[in-house]
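Peer 1: Got a structure here, written out as structure tokens. Questions coming.
Rule-based calculations on the coordinates, nothing more; no lab input. As the structure is a prediction and not an experimental result, all values here were calculated from the model. When we count neighbours, we look across all protein chains shown, and the Cβ atoms used for this are built from the backbone with ideal geometry, even at glycine.
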Amino acid sequence: MTIAWWKTSTVYQIYPKSFNDTTGNGVGDIPGIIEKLDYLKSLGIDVIWLSPVYDSPQEDNGYDIRHYQKIDDLFGSMDDMECLLEEAHKRGLKIVMDLVVNHTSDEHPWFVESRSSMDNPYRDYYIWKDGKEDGTPPTNWGSIFSGSAWKYDEETGQYYLHLFAEKQPDLNWENPELRSDVYEMMNFWLDKGVNGFRMDVINFISKHQPFADGDISDREKYGDPGPYFLNGPRIHEFLREMHGEVLHGRDVMTVGEMPGTTPDDAVIYTDPENNELDMIFTFEHMSLDQHGGDKWNLKPLDLRDLKENFEKWQTSLHGSGWNSLYWNNHDQPRIVSRFGNDGEYREKSAKMLATCLHMMQGTPYIYQGEEFGMTNVHFDNLEDYQDIETLNMYKEKKELGWSHERIMDAIYTKGRDNARTPMQWDDSSHAGFTTGTPWLQVNENHSAINAEQALNDPKSIFYYYQKLIQLRKEMEILSEGGFDLLMREDEHIFAYERAGGGESLIVLCNFSGEDREVEEDIVTRIDGAQVVVSNEGSRDLRMLKPYEASVYRVL
């Protein structure tokens, strides 16, 4: 049986603005990515997911696109992009671009035309509605970036929908001409040699018609719009149409970012027979350290919840769909600070977390800097943060009575700028990221935590990731084997078995800073077994040392 190339691949996400600056303007660029391709090749990854480099006003760091078929001057030129594709392909690396088609910038020519008059041909490319009789917005929906999800337009006297920032109006996928233009744009990039798309909030594109108010909790000002745009009534129709118009017959990879999606939904989205997507990003495991739907309302992680969640996704999609495996991305805090220990056990816990994830079934994603253990950042001043979600949240929570200290603690724990501080290449000024002033401050720990240091240490996190990536290519059980959760009720050890093809792997991961006992039946099975990979030199089969991760091949 031929296994699709993306099932044995590892993806590396680049956030261009923070990756490598070659011009000294403090912003990463495409030539900077080209400069580091050999570094990525040495890590062993197969695919680069490139966050947006399209022309943009940068209200939301490129996720507000002004022109889909132009490269932003901030990052370089179309010639630079074509050079990146050529140089990556020379090294056997594939490039997946971010596809952002739930919304555009309000400076996109489509929207400029759309808001110019009620009868403009592009009016219906976006979602315009009259206000209620009292002049308030059409619904009580809250924006994901705080405030109302509707913006009143003085020129035409209607409101437009923006699930994100005011400068990010939502596209109207009910309009077939809009969909046709999107497909034409996708074909433009695939014809240039792009190897697929990561589709930003793609399960938002189908909205329930007509629009209705959402439920409001006691502590919230706006209604929850989720039931009216998540996995909407025409989403499968739209994705299958996209597949037919763009993806059919092309050997490319697609992954859909899909908040609020269940395993049952994911099976439909990723079943090859349905001709929709290859895999999706789920978010459930990223909301286990919060109360309810508010990511800023923190609570400690209960490891049993995490184990149960991974088990659900691993077993539900086995044999019918496909998982994406990730701890980090540009929207998530650094995992070693979140579920690991970014102090005494930073390197060891980073390796443990990598082991836990990479031994599962699915396509693993590594976010820049994860491969040598970059951590969250603590800026003392709110003014040092750049993220629009963070800044809007601060204002909203203050209005709700949260203290400054509580809000800052939430930002230190969950803020998106934790992932966006510049890549730490070496211990020089600005971490070797730029010769100028970086757009966002560099984490002050770059003198100790950087790529150069990792490359010079054969026992570093970098080389541990290199080993995990290679194992996925060598061991079919990692891509095809089943999943069985072990030690289910243990609050500190994440243990599971991968079985298939007459062999089994037992994966043991200690999520605590204390010695933890392994169950006797597992000790019996791993006694004499081959160690596939471990972050611990002197192992005791009966006891996992702090943040130990060990994988055994058993018969």
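Peer 1: Sort 442, 554, 47 so that the residue with the fewest other Cβ atoms within 10 Å of its own Cβ comes first and the one with the most comes last. Provide the component values of the computation, followed by the final result.
Peer 2: Numbers: 442 19, 554 16, 47 25.
Neighbour counts put them in this order, fewest first: 554, 442, 47.
Peer 1: At R0 = 25 Å, how high is the FRET efficiency between residue 316 and residue 5 if r is their beta carbon distance? Nearest 0.05 is fine.
Peer 2: 0.60
Peer 1: For a distance above 16 Å, tell me the whole-number percent of Cα pairs in the range 337-414 that qualify.
Peer 2: I get 61 percent for the Cα pairs in the range 337-414 exceeding 16 Å.
Peer 1: Could you pull out every one of the aspartates and glutamates with an alpha carbon less than 18 Å from that of residue 7, ignoring same-chain neighbours closer than 8 positions?
Peer 2: 46, 251, 257, 271, 273, 276, 278, 474, 476, 480
Peer 1: Add -39500 (n - 2.57) for each DSSP H run of 4 or more in the chain, then divide by its residues: what number comes out at 222 nm, to the nearest 500 deg cm²/dmol?
Peer 2: Theoretical 222 nm ellipticity from helices: -8000 deg cm²/dmol.
Peer 1: Can you tell me how much longer the chain between residue 283 and residue 398 gets when fully stretched, taken as 0.36 nm per residue apart minus their C-alpha distance, in nm with one decimal?
Peer 2: My answer for the length gained is 38.7 nm.
Peer 1: How many angstrom separate the Cα center of the range 210-282 from the Cα center of the range 334-393?
Peer 2: Centre-to-centre (Cα) distance: 27 Å.
Peer 1: Separate question: Taking Rh as the Kirkwood radius, which is the inverse of the mean 1/r over Cα pairs, what is the Rg/Rh value for the chain?
Peer 2: Working: Rg = 23.4 Å, Rh = 24.4 Å.
My calculation puts Rg/Rh at 0.96.
Peer 1: From the cross-link list 41/467; 348/459; 132/221; 41/70; 17/207, which pairs have alpha carbons spaced over 20 Å apart?
Peer 2: Values: 41/467 13 Å; 348/459 10 Å; 132/221 18 Å; 41/70 27 Å; 17/207 32 Å.
Flagged as over cut-off: 41/70; 17/207.
Peer 1: Suppose the Debye formula is applied to equal point scatterers at every Cα of the range 482-554; what is log10 I(q)/I(0) at q = 0.11, 0.20, 0.22 Å⁻¹?
Peer 2: So the normalised log intensities work out to -0.23, -0.78, -0.95.
Peer 1: Between residue 466 and residue 381, what FRET efficiency comes out of the Förster formula 1/(1 + (r/R0)^6) with R0 = 41 Å and r the beta carbon distance, rounded to 0.05? Numbers along the way, then the final one.
Peer 2: Numbers: r = 38 Å, r/R0 = 0.92.
Efficiency computed from Cβ-Cβ geometry: 0.60.
Peer 1: With r defined as the distance between the Cβ atoms of residue 448 and residue 523 and R0 fixed at 45 Å, what FRET efficiency is calculated, to the nearest 0.05? Display every interim value, and only then the final one.
Peer 2: Values: r = 37 Å, r/R0 = 0.82.
That pair, residue 448 with residue 523, gives E of 0.75.
Peer 1: Rounded to whole Å, give me the distance from the Cα center of the range 497-555 to that of the range 83-125.
Peer 2: 47 Å
Peer 1: Give the residues of the range 259-275 whose amide nitrogen is closer than 16 Å to a point set 7 Å from the Cα of residue 224 in the direction of its Cβ.
Peer 2: 259-262
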